[in-house]
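The values are calculated or read from the model by the stated rules, or taken from the named source; none is laboratory data. Quick caveat, the model's predicted, so the values are computed rather than measured. Please note: Cβ atoms are built from the backbone with ideal geometry, for glycine as well, and neighbour counts cover all protein chains shown. SASA here: full protein model, heavy atoms, side chains in, ligands and nucleic acids out. Shrake-Rupley method; radii C 1.70, N 1.55, O 1.52, S 1.80 Å.
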Amino acid sequence: MSSPAPGQPPAFASVIKDAKEIKGLFSLWQKDEKVWIELKPEDFNKPFFFAPKLARGIGEAGIFGGSMFVPGARVDDRIVEFRRVHNTVQLVAVNSEFIARGDAKSPEARAVAASFAPSLLSSTAVASSPHPERKTVLIDAGSLLLNDMLAIGAALQRTYRQGYSLEGRNTQFTQVRGKPDQVVFNIDAHFVAGSIAVPQPGTPPGVPQPTVPRTLPDPRSMLLGVHIAIGKLPDAMMTPRLADARIGHFSTTVQDFGDDLARTPRQRYVNRWRLEKKDPTAALSEPVKPITFWLDRTIPLKYRDAISKGVLAWNVAFEKAGFKNAVAVKVQPDDADFDTLDADTASIRWMTNAQPLFGAMGPSQVDPRTGEILAAAMGI
């Protein structure tokens with residue numbers, strides 16, 4: 001094995017020596033606490049689905065385990081790209097709200113690209129020279145993902161008026177997994193406050209005062225669980241359906257500047273599942289792929305049958321739209337090797353919180369280009 005030229009990354013084989021390969025959308029390599037992502041040349045400047053969730057919370061202030069969002073943070077779905085700039089790889093959030101449909105090289109598309117910037121989520125140095133056959137390179141997943149790109153620290157500061165921030169030394173991967181259409185990173189994210197502020201006497205009424213979480217053994221420290229999935233977007237985009245302002249849809253908004261004669265560039269697409277008939281000519285047909293809800297293994301056994309019946313009752317409504325057995329229910333086994341928070345899964349989860357803010361909630365993550373629902377995490 002020849003030595004790399006001065007100033008160049010080390011050889012591919014030397015970086016992953018004694019590491020275990022985890023196959024998936026990307027090959028992951030793990031050795032002790034270190035994890036590398038192997039990127040092919042065609043993976044750069046290609047859109048991927050970025051789906052973060054909060055796997056473990058603190059049971060109050062909306063910081064609930066199993067949630068798709070944290071109040072005030074950036075735990076939401078988006079499209080990302082890996083971009084290489086010399087020997088640096090950037091994880092960039094694409095500005096998918098402002099578009100010009102049609103030819104990507106049209107004058108309108110160039111104008112949109114010049115007008116609306118993307119955002120840099122994180123970056124890391126290229127960790128290896130190209131693989132001699134595959135021409136792939138390695139990047140350090142820890143440098144890319146073990147940070148507070150989701151701005152949870154800022155959300156905690158606003159909520160409690162305490163100086164919470166991510167402590168990198170005790171933030172690490174607890175599990176990495178690969179599936180054909182995605183890779184998943186489970187993270188213990190340690191947020192700390194070096195000291196605890198207390199309410200000041202004489203503060204005028206209405207002025208926010210510092211508080212502390214009541215559910216922690218020590219309010220200076222919390223180990224939140226973060227679940228990050230990077231997945232494949234649909235090969236063929238679903239045809240969007242325009243929302244009707246007279247009806248209460250969950251919707252996705254884009255600003256399409258492809259037609260400068262349109263009354264407004266703003267378009268609202270209905271967030272919906274992709275349902276396609278197996279037999280397009282039949283008045284009533286089973287779908288090519290049913291909407292499958294997984295009952296998470298956290299749901300008490302005594303409620304699972306009732307919840308299943310409630311979900312399956314929606315099939316009556318879908319029959320009016322021409323679909324038979326449009327909705328299915330499965331139960332996550334206790335020894336399952338997948339998480340119902342994965343980016344290709346719709347789930348119903350049992351939430352136990354000290355300060356519940358709802359009876360149930362049903363957020364989803366969608367393809368922001370079309371409104372197609374790709375994942376959902378119902379909380380009850």
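Odds and ends about this structure:
- Of all lysines in the structure, the ones whose alpha carbon falls short of 18 Å from that of Lys17, not counting any fewer than 8 places away in one chain, are Lys31, Lys34, Lys135.
- Top of Ala189, Ala197, Ala141 by mean-square fluctuation, Gaussian network on the chain, Cα under 10 Å: Ala197
- Computed log₁₀ I(q)/I(0) - Debye formula, equal Cα scatterers, no solvent, the range 168-247, q 0.12, 0.16, 0.20, 0.26 Å⁻¹: -0.70, -0.81, -0.96, -1.23
- Cα centre as origin, Lys/Arg/Asp/Glu Cβ charges: the range 31-86 dipole, Debye: 120 debye
- Highest-MSF residue in the chain out of Ser67, Ser347, Ser27 [GNM, Cα springs under 10 Å]: Ser27
- Rg of the Cα atoms in the chain, relative to 2.2 N^0.38 Å, amounts to 1.09.
- Solvent exposure, largest accessible area first (probe 1.4 Å, DNA, RNA and ligands not counted), of Glu42, Glu133, Glu167, Glu108: Glu133, Glu42, Glu108, Glu167
- Here the accessible area of the chain is 54 percent carbon and sulfur, with a 1.4 angstrom probe and all protein chains present.
- Dipole of the chain, positive end: most advanced residue of Ala377, Pro107, Tyr269 [Cβ charges, Cα centre]: Tyr269
- When the P(r) is computed for the range 115-253, the part past 17 Å accounts for 75% of the Cα-Cα pairs.
- Out-of-range pairs (alpha-carbon distance over 26 Å; input Lys278/Lys330; Lys46/Lys324; Lys289/Lys330; Lys179/Lys320; Lys105/Lys232): Lys46/Lys324; Lys179/Lys320
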